[in-house]
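Here is the structure we will look at.
Rule-based calculations on the coordinates, nothing more; no lab input. All figures in this text were calculated on a predicted structure; none of them were measured in a lab. Methodologically, a virtual Cβ is constructed for each residue, glycine included, from the backbone with ideal geometry; neighbour enumeration extends over all protein chains shown.
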Amino acid sequence: MLNFESQRAAMLSGKVYDDLTRELIEARASAVVLTDEYNKSFGQSSEVREEILRRLLKSVGPGAYFEPVFRCEFGFNISAGHSIWPVLWKPTRSASVINRMTRHGTPAAITFEGTSW
């Protein structure tokens, strides 16, 4: 069985991975906690909100902003560039395609750049 770092490396390189390992279940739960914290921070300063995003996402540029309700499966494959504001972001499973019968997924990295709307 692969450890978390091996699973994460497989995901980020586009390889098939086991979506239901203990480590990935815990990483998914952590993403839920952080996205809840981020969504509840609506109305607070951009510094507070961006700090939460930095704990969740792969990278965060200055001025990155998601309107509530923002959800992601893991977050470590998402890069949010300078001044992004994807107002049409909807709660979804993730960019991963999961086959629950075989417990394997194939990942997709997500990057928002520029002034994305």
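Things to note:
- Protection proxy ranking of 59-70, 18-29, by the mean of other Cβ atoms within 10 Å over each peptide's residues and highest first, is 59-70, 18-29.
- Estimated distance in nm for a label pair at Asp36 and Leu20, the labels positioned 7 Å out from Cα along Cα-to-Cβ: 2.3
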